[in-house]
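The values are calculated or read from the model by the stated rules, or taken from the named source; none is laboratory data. Here the structure is a predicted model, which is why all the values come from computation and not from measurement. Methodologically, a virtual Cβ is constructed for each residue, glycine included, from the backbone with ideal geometry; neighbour enumeration extends over all protein chains shown.
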Amino acid sequence: MSKFKINKTYAEINKKIKAGKVVVVTADEMVEVVKENGPEEAAREVDVVTTGTFAPMCSSGAFINFGHSKPGIKASKTWLNNVPAYGGIAAVDCYIGATEPCEEDPLNRVHPGEFNYGGGHVIHDLVAGEKVHLLATAYGTQCYPSRRIEKMVTLDDLPYAVLCNPRNAYQNYACAINLTSKTVYTYMGVLKPRGSNANYSTSGQLSPLFNDPLCKTIGIGTRIFLGGGTGYVSFHGSQHNPNVESTPMGAPVRPARTLMVTGDLKQMDPKFLVGVSILGYGPSLSVGLGIPIPILNEEMAAYTGVSNDDLFTQILDYGNDYPTGNAKSLQQVSYGELMSGTIRFQGNDVPTTPLSSIVRAREICGILKQQISRGEFLITEPQGALP
């Protein structure tokens with residue numbers, strides 16, 4: 001016998017979606033529902049909670065097949081808009097990583113701001129319908145005699161283009177500060193000296209893995225919103241680490257779980273897949289990602305009812321400690337404090353800045369809510385659990 005008073009199945013919720021009778025709320029709305037009615041009544045009332053996040057996700061990229069040439073080529077080196085793409089896959093397949101820099105735009109320039117273009121921008125340009133310059137070279141074989149092809153391509157020209165991101169939707173991340181006497185340039189943004197500002201990158205109570213902290217409904221095969229289209233959780237992501245300290249509600253207080261995700265690049269929207277340049281660090285890709293959480297029981301209702309005040313992260317010194325690999329927590333801080341715009345740190349009021357867009361994350365939650373309410377997006381039961 002189940003320990004829960006409310007017990008729904010994926011099939012029952014999908015039946016309600018198809019019939020137009022499903023009750024869907026966003027993660028923001030669920031905080032208020034649980035606060036007012038409690039988890040049991042919330043689980044009775046709500047069927048699905050939508051979540052969302054939009055932020056730079058460096059561990060992203062795309063597998064691309066650019067089609068056979070005449071005569072054929074077995075490309076060993078490939079460039080897209082002069083950004084190297086790994087070619088050691090098959091004859092005309094390559095993988096372009098979001099953080100790979102354009103060869104004409106090296107990172108070691110005197111002024112960090114000059115570093116602008118990379119793999120994330122190539123992916124964005126393709127999704128936006130722009131023409132991209134393709135160059136591939138080869139050593140030539142009897143079955144693939146061509147040694148070079150060069151042409152302009154669009155996403156429609158490519159026989160195959162799949163976004164495949166090894167590490168997305170980080171379940172919590174550190175808050176970065178700099179205690180040195182000089183400005184430092186990091187993937188967490190520009191950090192001013194002597195703790196003058198603090199940057200963070202999580203959508204808090206909207207974040208997918210904060211709403212299912214133990215991944216009880218998120219697993220291999222889960223259908224998700226990805227880059228404006230439909231994608232899937234394909235595996236646990238790199239740096240996946242669930243063995244960290246957590247709150248009583250299971251939410252980790254340090255970086256923990258991650259997801260590997262895939263989706264058809266041709267379905268995606270450049271609004272939710274944006275190439276970015278991080279000053280002094282290099283190119284990346286901001287990814288829009290949302291996951292619907294089925295409210296199977298009151299436990300899932302309680303998880304999705306957490307607020308920013310219930311979620312915590314650690315402040316790390318990215319000036320002294322992080323580069324050495326010896327970063328230790330300087331202070332624990334809630335996302336409620338971070339999102340207020342100011343935190344109290346070592347006796348000072350420090351302004352905070354998010355790298356993630358809460359506005360865009362809310363938009364993703366709203367889009368998913370509409371799609372599910374219209375019967376256009378069914379939830380999927382995981383076919384395999386994450387570690």
_Restricting to the stretch 343-367, give me the number of residues that are over 16 Å from residue 203 (Cα atoms) and either in a helix (DSSP H, G or I) or not basic (Lys, Arg) (or both)._
9
*Under 9 Å by Cβ, and 6 or more places apart or on different chains, what pairs join a residue from the stretch 115-136 that is in contact (Cβ under 8 Å) with a residue 12 or more places away in the chain and in a strand (DSSP E or B) with one that is of a type in the set (S, T, N, Q) and surrounded by 24 or more Cβ atoms within 10 Å (Cβ to Cβ)?*
118/284; 134/78; 135/78; 136/78
*modelled with pLDDT of 95 or more, surrounded by fewer than 17 Cβ atoms within 10 Å (Cβ to Cβ) and either among the charged types (D, E, K, R) or assigned to a loop (DSSP other than H, G, I, E, B) (or both) - does that describe any residue in the stretch 261-268?*
yes
*Count of the stretch 339-349 residues which are over 19 Å from residue 311 (Cα atoms) and touching a residue at least 12 places away in the same chain (Cβ under 8 Å)*: 2
_All positions within the stretch 162-192 that are free of Cβ contacts under 8 Å to residues at least 60 places away in the same chain and either in contact with a Gly (Cβ under 7 Å, 6 or more places away or on another chain) or crowded, with 20+ Cβ neighbours inside 10 Å (or both)_ = none
*Filter the stretch 46-93 for residues that are under 30 Å from residue 34 (Cβ atoms) and either β-branched (Val, Ile, Thr) or outside any strand (DSSP E or B) (or both) and give the result.*
46, 47, 48, 49, 50, 51, 52, 53, 57
*Just need a number here: residues in the stretch 226-247 that are touching a helix residue (DSSP H, G or I) at 6+ places or on another chain (Cβ under 7 Å) and either among the aliphatic types (A, V, I, L, M) or part of a strand (DSSP E or B) (or both).*
2
*Of the residues that make up the stretch 166-184, is at least one out of contact with any Ser or Thr (no Cβ under 9 Å at 6 or more places or on another chain), within 21 Å of residue 338 (Cα to Cα) and part of a strand (DSSP E or B)?*
yes
*Top-ranked residue of the stretch 180-198 - restricted to ones that are more than 18 Å from residue 348 (Cβ to Cβ) and hydroxyl-bearing (Ser, Thr, Tyr), ranked as farthest from the chain's Cα centre (by Cα)*: 185
*the stretch 140-161 residues that are under 17 Å from residue 81 (Cβ atoms) and of a type in the set (S, T, N, Q), paired with ones that are surrounded by 15 or more Cβ atoms within 10 Å (Cβ to Cβ) and modelled with pLDDT of 95 or more (beta carbon under 8 Å, 6 or more apart)*: 154/126; 154/130; 154/132
*Tabulated pairs, the stretch 357-375, first over 16 Å from residue 46 (Cβ atoms), second among the basic types (Lys, Arg), C-beta under 6 angstrom, 6+ apart or interchain*: 375/18
*Residues 93, 105: which one is at pLDDT 95 or above, of a type in the set (Asp, Glu) and surrounded by 15 or more Cβ atoms within 10 Å (Cβ to Cβ)?*
93
*In the set 13, 17, which member is closer than 26 Å to residue 360 by Cα, within 28 Å of the chain's Cα centre (by Cα) and surrounded by 14 or more Cβ atoms within 10 Å (Cβ to Cβ)?*
17
*asked:* Just to be sure I understand, how many residues within the stretch 236-257 are surrounded by fewer than 17 Cβ atoms within 10 Å (Cβ to Cβ), more than 17 Å from residue 303 (Cα to Cα), of a type outside the set (A, V, I, L, M) and over 14 Å from the mean Cα position of the chain (by Cα)?
replied: 2
*Among what's in the stretch 356-375 and is within 23 Å of residue 188 (Cα to Cα) and among the polar types (S, T, N, Q), pick the residue that is surrounded by the most Cβ atoms within 10 Å (Cβ to Cβ).*
356
*asked:* Can you report the number of residues in the stretch 135-161 which are on the phi > 0 side of the Ramachandran plot and either buried (at least 18 other Cβ atoms within 10 Å of the Cβ) or among the acidic types (Asp, Glu) (or both)?
replied: 0
*asked:* Checking the structure you have, find out if any residue of the stretch 214-230 is out of contact with any strand residue (DSSP E or B) (no Cβ under 7 Å at 6 or more places or on another chain) and crowded, with 19+ Cβ neighbours inside 10 Å.
replied: yes
